1. Compute the distance in nm between two label points, each set 7 Å from the Cα along the Cα-to-Cβ direction, one at ALA271 and one at GLU122.
2. Would you kindly calculate the translational diffusion coefficient of region 81-225, applying Stokes-Einstein with the Kirkwood radius from alpha carbon pairs, for 10 °C and a viscosity of 1.306 mPa s, and quote it in µm² s⁻¹ without decimals?
3. Rounded, prolate or oblate for region 252-316? Axes are the square roots of the Cα gyration tensor eigenvalues, ordered a ≥ b ≥ c, and the cut-off for rounded is a/c under 1.5.
4. What is the extension gain from GLU104 to GLU203, computed as 0.36 nm multiplied by their sequence separation minus the C-alpha to C-alpha distance, in nm to one decimal?
5. Taking region 224-372 as the region of interest, what is the percent of Cα-Cα pairs per 5 angstrom bin, listed from the shortest bin to the one with the maximum distance?
6. List the residues whose amide H sits under 5 Å from the amide H of ASP128, counting only those 5 or more places along or on another chain, with H placed 1.01 Å from N in the peptide plane.
7. Among the trypsin sites (Lys or Arg not before Pro) within region 57-135, which fall in a DSSP loop and have no more than 13 other Cβ atoms within 10 Å of their own Cβ?
8. Taking amide hydrogens as modeled 1.01 Å from N in the peptide plane, which residues meet the under 5 Å criterion relative to PHE138, leaving out close sequence neighbours?
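Each value in this text was obtained by applying a stated rule to the coordinates, not by laboratory testing. Since we're looking at a predicted model, the values are computed, not measured. All Cβ positions, even for glycine, are placed from backbone atoms using ideal geometry, and neighbour counts span all protein chains on display.
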Amino acid sequence: MAENVTSLFRSTAAHSPSMAALTRESDGAGPVDFCIPCNPYFPTPAMFDDLAGRLREIITYYPSSADTITAELCNLLQLPPQCVAMGNGSTELITWIDHLLVRESLAIPVPTFGRWTDQPMETGKRVDMFPLQESSGFALDLAQYAEFIRARGTRVAVICNPNNPDGGFVPRQSLIQFMDAMADLDLIVIDESFLEFADAENEPSVVEDAVMRPNVIVLRSLGKNFGLHGIRFGYLVANPALAGKVRSMLPKWNLNSFAETVVFMLKEHGAEYLESLHMVRRDRLDMARQLSALPGLTVYPSQGNFLFVRLPVGAEGTVVRDRLLTEHRILVRECGNKIGSSSRFLRLVVRPQVDVRRLVSGLEQVLYGTRRGAAVPELGTGTSYSSGTAAVDRLVGETNGAGMPGLAAQAAAMPSLAPAPAPVQNPYPAQSPYPTPAPAAMPAPAPMPAPVMPAPAPMPYAAPAAAMPGMAPAPTAPMPGMAPAPAAGLAAVAQTGMPGLASAAQNNRRGMGAAQGLTAAQVRGRTQPEPTPEPTGWPAAGAMYNQVG
């Protein structure tokens, strides 16, 4: 099986192999899935039994039209149907947004969901990639992002909230400020595909704010929240003109009968859905604590249903991934083929505690040599393939033009095994006024630990470096939350960026290990007080935008 698994990953440039492909190569039994970010608690077993009982009818007959299914979803969400377009998965909607609404350029923080970089490149657009800095815990500084957009002259801005793969979260009020400051852009997309799992704010969604603006689209997922990736359904919310433009291009029967059946079941299962979200949030906290106890492993705070982790120095992600799969039947997402990331990072989906214990045990054996020795070959030998270089060369070197000059060559020169993450080059073009400092020399890799796992030693806490070289540094004073900028400052912001916007998110985004003593607020990346308990039953009108999606 090991050679077959390696072959599957080698032939999949954009993502991991599908669960169906892995199951075919493993005698009909799939691995424990820490890769696909799916809600493990919904639908309930009773709902699956109901779906199984209707299987013959579901797959035999045509579904209703997309308008009928959309009307039912909007009735549940208390949204006007003219402001909604449902798609066969969020990727279908991203494709049409690109074709219809992106004319020349798009900005996106990286690392992020791959379709936001791939799709515009495939249609010849310039993609301006704003690198999130590991030194600041991959926190998105909106002021610097706005300045980057102005410097590049980008016409479309995308923000994923929470971001995939790191789970970074931007408070709602800060997003509203950003949307107002960027009102002259062709389009702003807020991708809220994972927002259902967030608990940093009681009302984090900007859906209601989007419908009142001429250039804002909010993208939301159904498959991720409802644990049904295979059905492929999601929706966007915008003002009637924008939503109608996308909706007019979608096929009349772009939604399948499974999607229709689930949408019409939801009104009877609101309480179970809310409980599933509570359970995922609980498991996220427990999983982060267990992982942070592993020596050398860094866990970044997340508001998604996944955790972004950095492997210890010397550990190479493709080797760790392959050994977890072949020796422990555990599937993880190695992030070497995500632009802005490297093979030293994994994205691990939040799962029930019994599965997490299996993951932690597998990582202990693979990382610290308690079973078959060190997980990684000596520096310079590498592995027989690289999961990152080909993707970067294809996406950036061939199609991106001026979006990120030099990144493909930089990636091609990188060894397959790096002792520390490679520095991200300044993405500004040559005429930018911001200088690009020379990258610091790489330190030599630390020796691998002894076969017996040592107890975690206290780790010094390093203050994060400036998030973007050459740009105005973020405020250093601690800020408990993002305060709205004065109304008088927004006119100037529309031309110069967002100089008045605080960047307090970095205070909660530093990676944590066991020595830092993870708290609930740190794990969650919290920027607001603990939310009040949610009501039982399906969310009521006026409070459902952060509950249903």
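1. Each label point lies 7 Å from its Cα, and together they span 4.4 nm.
2. 103
3. Taking the square roots of the gyration eigenvalues as a ≥ b ≥ c, region 252-316 is oblate.
4. Roughly 32.3 nm would be gained on extension.
5. Answer for region 224-372: a P(r) of 2, 8, 14, 16, 15, 12, 11, 10, 7, 4, 1, 0, 0 percent.
6. Hits under the 5 Å cutoff: LEU106, ALA107, ILE108.
7. When the trypsin sites (Lys or Arg not before Pro) of region 57-135 are filtered for loop state and at most 13 Cβ neighbours within 10 Å, ARG103 remain.
8. Amide H neighbours of PHE138: GLN133.
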